[in-house]
Amino acid sequence: MNEQSIVAAVQMVSSPVVEENIATARRLIADAAATGAKLVTLPEYWPIMGRADTDKVSHAEQPGSGPIQDFLAAQAREHGIWLIGGTLPLVSDDAGKVLNTTLVYDPQGRPVGRYDKIHLFGFNKGTESYDEARTIVPGTTVGAFEAPFGRVGLSICYDLRFPELFRAMGECALIVVPAAFTHTTGKAHWEVLLRARAIENQCYVLASAQGGLHPNGRRTFGHSMLVDPWGEVKDVLAEGEGVVSGTIDAAFLAQVRENLPALKHRKM
C-alpha cells in the first residue's frame, strides 16, 4: 500500500450538450492531474444535465462502446491516473430508461470497475419535484475496486443516505461519492452525511459534485470535498467549476483505527 497518494474531485455545472461537457471535463481532469493526483473522480451526470430527465436516454451507451466511455478511457491513459467516471447513462433492458453508472479506468485506460446506482432519488417540496425512477433502472450490486493505496468503495449521490450500503463495501481506504445534490437537500444534509460516512467507516471520503445553476433551471449544491477518517474536511469548493484535492495518508488512517478501533468493536 502506498503511504501517501493524492486524489482529486472535479466539480462541474453540466449543460444539456454532451460535447460541451466533455470539453469542460477534459480541462478539469488536466487541472486535477496537474495537482499530482493519481486518482480523479467526476461528478454524477457530468456528460449531460438535460432540459428534461428523458434527454439522457437518447445518449445511453452500450457497455464498452461509445464516445463518453472512449473519452474516459483516453483521459485515464493520457494522464496515467485512476479515473472514476462520475456517472454516465448506459442502456438498460427498459427502452425508456437507463442505468446511471459509474465506470472506473486504470492508468492504462482499462475498465476495472463498475457500479450502477442502487438508490433512486425522489423528492417533493413545493415547486421542487424529482423522481429518478421515471428514467432510471436501479442497480443491484455493491461496487468497489482495489487501488494502489487500498480498497475504494463506489457510491452515487442519494446512496449517501443509506449507511448499510457503505458497510457492505467492506473495509475501504476511500469511498467516492459522485453527486448532483439539489441545493435544498445539500444545504441541509450534504456535509453532515459525508462526514458521518467518513467517521463511521473510518476512511477517507471524496465527493465530486455538480455545483451551480444549470441551463435546465436546476440548482445543485456543489461543495465537492475530501473528508478524512476523523471527519475533518480537508478541502472543499463551494460552487462553480474547479477541483478539490488532498492526500490519502495510510499512516493517519491506520492511527485513527488503532486509537478508536470501532470497526473491530462492531457486533453486527
Spacing of the two label points (7 Å from each Cα toward its C-beta) at ARG167 and GLN255, in nm:
2.9
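Say R0 is 35 Å: what FRET efficiency, to the nearest 0.05, do HIS189 and VAL91 get from their beta-carbon distance? Write down the numbers at each step before the final one.
Working: r = 32 Å, r/R0 = 0.91.
Given R0 = 35 Å and the Cβ-Cβ separation, E is 0.65.
Dipole size in debye (nearest 20) for the stretch 128-267 around its Cα centre, Lys and Arg Cβ +1, Asp and Glu Cβ -1?
Working: 14 positive and 16 negative charges, 72 e Å.
Here the size comes out at about 340 debye.
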Roughly how tilted is helix 18-34, in degrees to the nearest 10 and between 0 and 90, from the longest Cα axis of the chain?
20
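Can you order the peptides 211-221, 162-172 by their average number of other Cβ atoms within 10 Å per residue, highest first?
Numbers: 211-221: 17.9, 162-172: 15.4.
The most tightly packed comes first, giving 211-221, 162-172.
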Per DSSP H run of at least 4 residues, take -39500 (n - 2.57); add these up for the chain, divide by its residues and hand me the 222 nm value, nearest 500 deg cm²/dmol.
-6500 deg cm²/dmol
Would you work out which of VAL142, ALA30, HIS265 lies farthest towards the positive end of the dipole of the chain, given +1 charges on the beta-carbon of Lys and Arg and -1 on that of Asp and Glu, about the Cα centre?
HIS265
Subtracting the Cα-Cα distance of VAL112 and ASP55 from 0.36 nm times their residue separation yields 17.7 nm
Scan [x] -0.75, -1.40; [y] -0.64, -1.36; [z] -0.89, -1.37 for the value of log10 I(q)/I(0) by the Debye sum over Cα atoms at q = 0.12, 0.17 Å⁻¹ calculated from this model and give just the label.
[y]
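For the stretch 85-131, what does the alpha-carbon gyration tensor say about shape, rounded, prolate or oblate, given a ≥ b ≥ c as the root eigenvalues, a/c under 1.5 as rounded, and a/b over b/c as prolate?
Details: a/c = 3.62, a/b = 2.05, b/c = 1.77.
Prolate is the answer for the stretch 85-131, as a/c is 1.5 or above and a/b outweighs b/c.
For the stretch 45-88, give the magnitude of the charge dipole about the Cα centre (Cβ charges: +1 Lys/Arg, -1 Asp/Glu; no others), in debye to the nearest 20. Don't skip to the end; give the middle numbers.
On the way: 3 positive and 5 negative charges, 11 e Å.
Once rounded to the nearest 20, the dipole reads 60 debye.
Under a point-charge model restricted to the Cβ atoms of Lys and Arg (+1) and Asp and Glu (-1), what is the dipole moment magnitude of the chain relative to its Cα centre, in debye to the nearest 20? Working shown, then result.
On the way: 25 positive and 30 negative charges, 94 e Å.
Here the size comes out at about 460 debye.
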Relative contact order (percent, whole number), the stretch 96-156, Cα cutoff 8 Å, 6+ residue spacing
33
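Among 57-66, 145-154, 89-98, how do they line up by average Cβ neighbours within 10 Å per residue, starting with the highest? List each step's numbers first, then the result.
Working: 57-66: 14.2, 145-154: 20.2, 89-98: 16.5.
Descending packing order for the listed peptides: 145-154, 89-98, 57-66.
Taking the highest mean first, how do the peptides 37-45, 12-20 order by number of other beta carbon atoms within 10 angstrom per residue?
Numbers: 37-45: 26.4, 12-20: 19.0.
Listed from highest to lowest mean packing, they are 37-45, 12-20.
Do you know the relative contact order of the stretch 13-164, to the nearest whole percent, from alpha carbon pairs under 8 angstrom that are 6+ apart? The partial results should precede the final answer.
On the way: 279 pairs, mean separation 27.2, N = 152.
Once normalised by length, the contact order is 18 percent.
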Once MET268 and ARG26 are pulled to full extension, the length gained, defined as 0.36 nm per residue separation minus their Cα-Cα distance, is 82.8 nm
Rounded to whole Hz, the Karplus (6.51, -1.76, 1.60) HN-Hα couplings of the stretch 247-264, x for glycine and proline
10, 8, 9, 4, 5, 5, 4, 5, 5, 4, 5, 6, 5, 9, x, 4, 5, 6
Once you keep just the Cα pairs under 8 angstrom separated by 6 or more residues, what percentage relative contact order results for the stretch 4-259?
21
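Since every read-out is calculated from the coordinates, none of them should be taken as a lab result. Not measured: the values here are computed from a predicted model. A quick note on method: Cβ atoms are made from the backbone with ideal geometry, for glycine too, and the neighbour counts reach across all protein chains shown.
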